[in-house]
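What follows is a single structure, written as structure tokens, with notes after it.
The values are calculated or read from the model by the stated rules, or taken from the named source; none is laboratory data. From a predicted model like this one, the values you see are computed outputs, not experimental measurements. Note that we place each Cβ from the backbone using ideal geometry, even for glycine, and neighbour counts take in every protein chain shown. Calculation scope for accessible area: heavy atoms of the full protein, side chains included, ligands and nucleic acids excluded. Shrake-Rupley method; radii C 1.70, N 1.55, O 1.52, S 1.80 Å.
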Amino acid sequence: MGEKVLMKGNEAIGEAAVSAGCRHFFGYPITPQSELPAYLAKKMPLVGGVFLQAESEISAINMVYGAACAGVRVMTSSSSPGVSLKQEGISYLAGAELPVLVCNVQRAGPGLGTIQPSQADYFQAVKGGGHGDYRLITLSPSSVQEIIDLIRLGFDLADKYKTPAMFLADGMLGQLMEPVDLGEYKSEIKEKPWALSGCEGRAKNTVTSIWINPEEMERHNIHLQEKYAEIKKNEQRWENFHFDDEAEFLVVAHGSMARIAKSAVIKAREEGIKASLIRPITLWPFPENAFSSLKSLKKILVVEMNMGQMVEDVRLVVNGRIPVEFFGRAGGMFPTVEQTLGKIRGLIK
């Protein structure tokens with residue numbers, strides 16, 4: 001363990017990105033993530049990096065595309081409406097198999113909504129978001145320390161699988177200040193022989209997402225699906241909390257909502273309720289393996305800061321074997337510990 005420092009979540013994203021070898025950032029300010037580009041505007045020049053505030057979100061994501069083609073570690077960030085504007089570019093990145101990290105510090109919608117926190121971009125992140133058959137590795141932190149860890153992991157996984165990855169936080173975590181241990185980190189940056197780095201002395205490389213011949217386009221789609229199957233097999237991540245064979249009631253929550261759900265589970269156990277929690281860390285691939293041992297469970301409660309999105313994936317996993325109920329708040333409101341505890345008590349009835 002190293003010395004701990006107090007950091008705000010948005011600033012921790014920037015510090016973790018730099019420590020992971022990211023030297024290129026293109027973005028556009030939007031609340032509640034504006035501290036992140038502000039932090040990197042100061043930090044990047046100190047490490048020989050490039051920070052550029054683009055004229056729009058659309059410009060930013062296409063700058064990311066260009067930098068990724070050159071084989072560098074590159075990141076962009078925004079909040080919900082801004083990420084919507086980036087979706088066409090993200091689809092192009094997926095089609096061209098370019099490793100980048102896209103950070104979404106979510107706010108409530110739909111539309112411009114409010115600057116308050118939300119988890120309502122779950123569908124957008126894990127179901128693709130843009131056009132075409134593609135997936136994004138999607139990581140959900142629940143603490144500022146985990147922001148550090150998952151940003152680094154996100155860059156490594158993007159490089160490993162040649163695919164864009166999504167870091168999905170929310171405004172609550174972005175504004176939260178906690179002590180973090182930056183620790184020692186050795187980047188897993190590898191040579192990228194496919195990159196457009198100049199072709200003197202070698203055959204030229206081509207990076208593209210357009211395949212005019214339909215047979216070639218189909219082969220590319222099949223190739224992508226095979227890669228996604230490999231990611232699904234190898235990269236499921238989750239946390240079990242008070243999870244044992246005697247648990248009768250399971251709570252499922254991710255991100256900042258998992259912090260509230262944990263407190264509710266602790267209070268439920270103090271009342272003699274055999275409650276436990278699964279916290280998905282990878283939202284895609286969704287941690288289906290976490291639900292393989294459900295012998296004594298009677299009911300599942302999914303807690304989210306939206307109107308019910310991750311609950312659909314939980315229902316798909318259990319496939320009708322166990323009743324799945326939902327509790328959520330929307331529009332920038334969030335469930336309290338007491339409200340969540342009340343819903344756990346209600347499972348008994």
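Annotation note: GluC sites (Glu not before Pro) in region 145-205 located in DSSP loop regions with a Cβ neighbour count of at most 15 within 10 Å are Glu184, Glu188, Glu191, Glu200.
Annotation: Lys262 carries an accessible surface of approximately 50 Å², with a 1.4 Å probe and no ligand, DNA or RNA atoms counted. At an R0 of 35 angstrom, the distance between the Cβ atoms of Ser56 and Val337 translates into a FRET efficiency of 0.30. Take the alpha carbon gyration tensor of region 128-219, find the square roots of its eigenvalues, order them as a ≥ b ≥ c, and report rounded if a/c is under 1.5; if not, report prolate when a/b exceeds b/c, else oblate. In terms of gyration-tensor shape, oblate. Placing +1 on the Cβ of every Lys and Arg and -1 on the Cβ of every Asp and Glu, with no other charges, gives region 238-347 a dipole of roughly 180 debye about its Cα centre. Placing unit charges on each Cβ (+1 for Lys and Arg, -1 for Asp and Glu) gives region 4-234 a dipole about its Cα centre, and among Met44, Ile30, Ile231 the Cα reaching farthest toward its positive end belongs to Met44. Annotation: per residue accessible area for region 4-234 equals 43 Å², rounded to a whole number [probe 1.4 Å, protein chains only].
For the chain, what does the alpha-carbon gyration tensor say about shape, rounded, prolate or oblate, given a ≥ b ≥ c as the root eigenvalues, a/c under 1.5 as rounded, and a/b over b/c as prolate? It is prolate, given that a/c is not under 1.5 and a/b is the larger ratio. Surface composition of the chain: carbon and sulfur make up 53 percent of the accessible area, probe 1.4 Å. Calculate how steeply helix 256-270 sits against the longest principal axis of the alpha-carbon atoms of the chain, using the helix alpha-carbon long axis, and give the answer as 0 to 90 degrees to the nearest 10. Rounded to the nearest ten degrees, it is 20.
Cα axis of helix 337-348 to longest principal axis of the chain: angle in degrees, 0 to 90, nearest 10? With both axes taken from Cα atoms, the answer is about 60 degrees. Gain on full extension, evaluated as 0.36 nm per residue between Lys295 and Val47 minus their Cα-Cα distance, stands at 84.0 nm. Quick check: the angle from helix 9-19's long axis to the longest principal axis of the chain, C-alpha only, nearest 10 degrees? Once rounded, one gets 40 degrees.
Remark: the chain carries a charge dipole of roughly 360 debye about the Cα centre, counting +1 on each Lys and Arg Cβ and -1 on each Asp and Glu Cβ. Between the C-alpha center of region 195-237 and that of region 138-155 there is a gap of 26 Å.
Shown here for region 23-58: GluC sites (Glu not before Pro) in loop regions (DSSP other than H, G, I, E, B) with at most 12 other Cβ atoms within 10 Å, namely Glu55. Once you sort the root eigenvalues of the Cα gyration tensor of region 106-158 as a ≥ b ≥ c, which label holds: rounded (a/c under 1.5), prolate (a/b larger than b/c) or oblate (the other case)? In terms of gyration-tensor shape, oblate. Each peptide in 287-296, 72-81 gets a packing score, the mean of other Cβ atoms within 10 Å over its residues, and the list from highest to lowest is 72-81, 287-296. For region 238-347, the share of DSSP beta bridges that are antiparallel, to the nearest 5, is 25%. The stretch between Ala70 and Lys232 holds 55.6 nm of extra length on full extension. This uses 0.36 nm per residue minus the Cα-Cα distance.
Between the alpha-carbon centres of region 254-321 and region 45-92 there is a gap of 34 Å.
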